[in-house]
Every structure is written in C-alpha cells, then in structure tokens.
1. Would you tally the residues in the range 98-112 being over 20 Å from residue 3 (Cβ atoms) and free of Cβ contacts under 8 Å to residues at least 40 places away in the same chain?
2. Can you go through 108, 76 and tell me which one is under 30 Å from residue 15 (Cβ atoms) and in contact with a helix residue (DSSP H, G or I) (Cβ under 6 Å, 6 or more places away or on another chain)?
3. How do the pairs read when you match residues in the range 30-48 that are free of Cβ contacts under 8 Å to residues at least 12 places away in the same chain with residues anywhere that are part of a helix (DSSP H, G or I), using Cβ under 7 Å and keeping only pairs 6 or more apart or on different chains?
4. If a residue must be open to solvent by 90 Å² or more (accessible area, probe 1.4 Å) and either touching a residue at least 40 places away in the same chain (Cβ under 8 Å) or aliphatic (A, V, I, L, M) (or both), how many such residues does the range 74-92 contain?
5. Which of the numbered conditions does residue 59 fail, given that it passes all the others? Conditions: (1) without any contact (Cβ under 8 Å) to a residue 24 or more places away in the chain; (2) among the hydrophobic types (A, V, I, L, M, F, W, C); (3) exposed (fewer than 13 other Cβ atoms within 10 Å of the Cβ); (4) not in a loop (DSSP other than H, G, I, E, B).
6. Go through (1) touching a residue at least 40 places away in the same chain (Cβ under 8 Å); (2) buried (at least 17 other Cβ atoms within 10 Å of the Cβ); (3) of a type outside the set (Lys, Arg) one by one and return the number of the condition residue 95 breaks.
7. Do we have any residue at all in the range 51-66 that's in contact with a Lys or Arg (Cβ under 6 Å, 6 or more places away or on another chain) and under 15 Å from residue 14 (Cα atoms)?
8. Given 12, 43, 38, 21, which one is of a type outside the set (S, T, N, Q), crowded, with 16+ Cβ neighbours inside 10 Å, modelled with pLDDT of 95 or more and over 13 Å from the mean Cα position of the chain (by Cα)?
Amino acid sequence: AGIGKCVALDLARRNARTILACRSWERGQVAVEEIRAATGNAAVLLRLLDTSSLASVRAFARAVLREEKRLDVLVNNAGVTGLPFAITPEGLERTFVTNYLGPFLLTNLLLG
C-alpha cells in the first residue's frame, strides 16, 4: 500500500521485473494482481519479507541472490511508527529493527 505500491506500479509500467517484498501474502498478492492488471506486466512477483526479523531478511536476500540474475534497483520502503515498545525474538527493539537494522542488513546482503 502507499508509497511502496506506487513505486512498484511505476517500475512495472516501465516493464521492469518487479518484486514486491511484503509481510502479508494475502495483501501482497492483491497488490501484485492490481499492478499486473494496470500495467500488463506479468513479471511482477511477490516474496515474503518482514524487516523486523533479521532471519526473514537473510532468507529473502538468499532467495533473491539465488533466483535473480541481477538487481538494478532496491527501494527500502518498510517502516513503522507509533507501535508499543516490543522486543523481537532476536532480542532487538522492534521499531529500530524494522526501520533501520532490517533494511541496512538487506542492502548489505544484496550488495554481495
């Protein structure tokens, strides 16, 4: 939803192979179908990613590096605000991991 969906729509309109990295399969699949219908681009894909989980970030990066020939653009758009204080299973504060550590780790893992 929001800015991320708009960016994905624009990339798909430019005929780019576009991967939507979403926490929710159901919401992500709806977005993929909408973008495919609006652009005619069948190369719009959904992959699960939760940037509040470093394990999820690592799994996503491994899959992208294994499945994709190249990566031209990475848009780090995940972010949360106003959530109650919580610690992730990895022992890190959830908002900090979601907004900073997760995207930082993802970028570094994809740089190779």
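1. 2
2. One residue alone meets the criteria, 76.
3. 42/36
4. Count: 1.
5. (3)
6. Answer for residue 95: the failing condition is (1).
7. Looking for residues that are in contact with a Lys or Arg (Cβ under 6 Å, 6 or more places away or on another chain) and under 15 Å from residue 14 (Cα atoms), one finds none in the range 51-66, hence no.
8. 12
The values are calculated or read from the model by the stated rules, or taken from the named source; none is laboratory data. Only a predicted model underlies this, so the values are computations on that prediction, with no experimental measurement involved. Please note: Cβ atoms are built from the backbone with ideal geometry, for glycine as well, and neighbour counts cover all protein chains shown. Surface areas here come from the heavy atoms of the whole protein model, side chains and all, with no ligands, DNA or RNA. Shrake-Rupley method; radii C 1.70, N 1.55, O 1.52, S 1.80 Å.
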